[in-house]
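The values are calculated or read from the model by the stated rules, or taken from the named source; none is laboratory data. Every value quoted in this text rests on a predicted model; they were computed, and no experiment measured them. Cβ coordinates were reconstructed from backbone atoms using ideal geometry, including for glycine residues, and neighbour counts include every protein chain displayed.
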Amino acid sequence: MTAGPRTRRDPRLRTLFIHIRYTAKGAFARSENVFCAENSLFRLRGRLEKSPLPCYIRPMRILKAPTRAEFTVKNSRFVSEAVPVDSPEAARNFWHAQKERYDNGGHIVYAFITGPQGNIMGCSDDGEPSGTAGRPMLAVLKGSGLTNVIITAARWFGGTKLGTGGLVRAYADCAKLALENAQVCEHVPMTKLGVALPYTFFEQAKRLLAEKGFSVLSEDFAEEVTLRGEMKSADEPALKEALRELTGAKCRFL
């Protein structure tokens, strides 16, 4: 089994090719299993050729301000709110505050997503039948392209049961209505960074940091100058390289 031109050009295919070739010498010792492994590689190669290379990270969005929505289904009143949060801990703290705020018996359904790529998420039915509340709201959130947001929903029972399907639709609508008129903007991941350098480079370094979009939050003057602040994560490597060049590699990053 030899690597073709496409495999040599595409590092993903090359890695898979090496793995299959190694496996073929071990667990896939029998010829029919090697044949199956080769076929799997060719099928994957066809899928990769249909997708653009390289693969790009999708941009995420965040809320610019909290939103609120209210509606009624068969006399049951629903109030939903979408609020920006920056961590799972902040999301759960907001949820606990909502449980104290509302007088509906303490049942507050929630769903949240956080992280630069929306890879941290959670939800709770909080007393509603399992799978009828938190998950439908989380599904709407996942399809919105938003991150760093929590949606909560409070329900006041109106005397008529909505049934499983009715609850799923109602809580999905809670999330949709909360986001319907939300003001959003692109999420730009930020990095906190500190740099220590000799006094002789202080003024030049401050000008360079400003040019690179670095926001200085604190300055400390001891045996050397220490500047701390934050910047766009994507610009961090270029800034570090520029500071090393400016100081002749006499700076330290904290």
Say we look at the range 192-209 and pick out the residues that are loosely packed, with under 14 Cβ neighbours inside 10 Å and in contact with a strand residue (DSSP E or B) (Cβ under 8 Å, 6 or more places away or on another chain); which of these is nearest to residue 249 (Cα to Cα)? 199
Give all pairs with beta carbons closer than 6 Å in which a residue from the range 98-109 that is surrounded by 17 or more Cβ atoms within 10 Å (Cβ to Cβ) meets a residue that is among the basic types (Lys, Arg); count only pairs at least 6 apart in sequence or on separate chains. 108/99
Of the residues in the range 136-180, how many are surrounded by 16 or more Cβ atoms within 10 Å (Cβ to Cβ), basic (Lys, Arg) and outside any helix (DSSP H, G or I)? 1
What is the residue count in the range 218-251 for residues that are under 15 Å from residue 205 (Cβ atoms), loosely packed, with under 14 Cβ neighbours inside 10 Å and of a type in the set (A, V, I, L, M, F, W, C)? 3
Scan the strands (runs of 3 or more DSSP E) fully inside the range 1-120 and keep the ones with 3 or more residues being modelled with pLDDT of 50 or more, under 31 Å from the mean Cα position of the chain (by Cα) and β-branched (Val, Ile, Thr). 108-114
Which residue pairs have Cβ atoms closer than 7 Å, lie 6 or more positions apart in sequence or on different chains, and pair a first residue in the range 200-221 that is assigned by TED's automatic domain parsing to the domain that holds residue 248 and under 16 Å from residue 245 (Cα atoms) with a second residue that is in a helix (DSSP H, G or I) and of a type in the set (Asp, Glu)? 212/235
